[in-house]
Amino acid sequence: PSLPSKVSQQLPSATISRRRLVGVSQRAPPPPVALQASPALTAFTAAGAPLGSVSVLAIVILIHEMGHFLSARAFGINVDEFSVGVGPRILGFRRRRLVDGKYSFERIIEGDRDDENDGGDGGIDFNLRALPLGGYVRFPENYNRTLAFENDDRARKLRDEARLMRVEASSPLEKGLEKVA
């Protein structure tokens, strides 16, 4: 049986028989070549795997600690230090708020002690430490827990008063639904 003319027009360079295409290469692909890695490349790859893992871990820690830092700042809690890593400080700078609302940045030299913040002027130390296996956000030591609870109670009372004012200004149907809820 012959093929329709459209098929033979689509394959002009090959003649079609029942069992195979004539004119098309029937050679087997060459065998794969074994790749030989040099000792230097092997050592570089072996050293790169742990460094890559530690880098990924450091990025995850940075994002996690940034969440603590941004949450504290959003709630108005002062922060003394933001640090990625543990151990001795490798690199650090201090951000201070100036009188006109602008910020100044200064490099922390190794002579500075880790636990001081020069009088608590709102400066925040940002540090990169030797071992990127952890991190922390340090808050002031004089955080007054009692004052925080009093502020929460005051805010709760204000919310309740606002809710009562909304209920008093509502229609009888809304008041009934509020009692059910």
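The values are calculated or read from the model by the stated rules, or taken from the named source; none is laboratory data. Since the structure is predicted, the reported quantities are computational estimates derived from the model, not experimental observations. In this analysis, Cβ positions are derived from the backbone assuming ideal geometry, glycine residues included, and neighbour counts consider all displayed protein chains. The accessibility values were calculated without ligands, DNA or RNA, using every heavy atom of the protein model including side chains. Shrake-Rupley method; radii C 1.70, N 1.55, O 1.52, S 1.80 Å.
The largest accessible area among Arg163, Arg95, Arg129 belongs to the first residue in Arg163, Arg95, Arg129, and the rest follow in falling order (1.4 Å probe, all chains).
A simple count of charges around Arg95, restricted to other residues whose Cβ falls under 9 Å of its Cβ and scoring Lys, Arg +1 and Asp, Glu -1, yields +1. If you sort Lys179, Lys157 by accessible surface, 1.4 Å probe, largest first, the order is Lys179, Lys157. Using a probe of 1.4 Å on the protein chains alone, the accessible area found for Phe105 is around 130 Å².
Residues Tyr136, Tyr103, ordered by accessible area of protein heavy atoms at a 1.4 angstrom probe radius and largest first, appear as Tyr103, Tyr136. Solvent-accessible area of Asp152, all protein chains in place: 80 Å² (probe radius 1.4 Å, heavy atoms, ligands and nucleic acids excluded).
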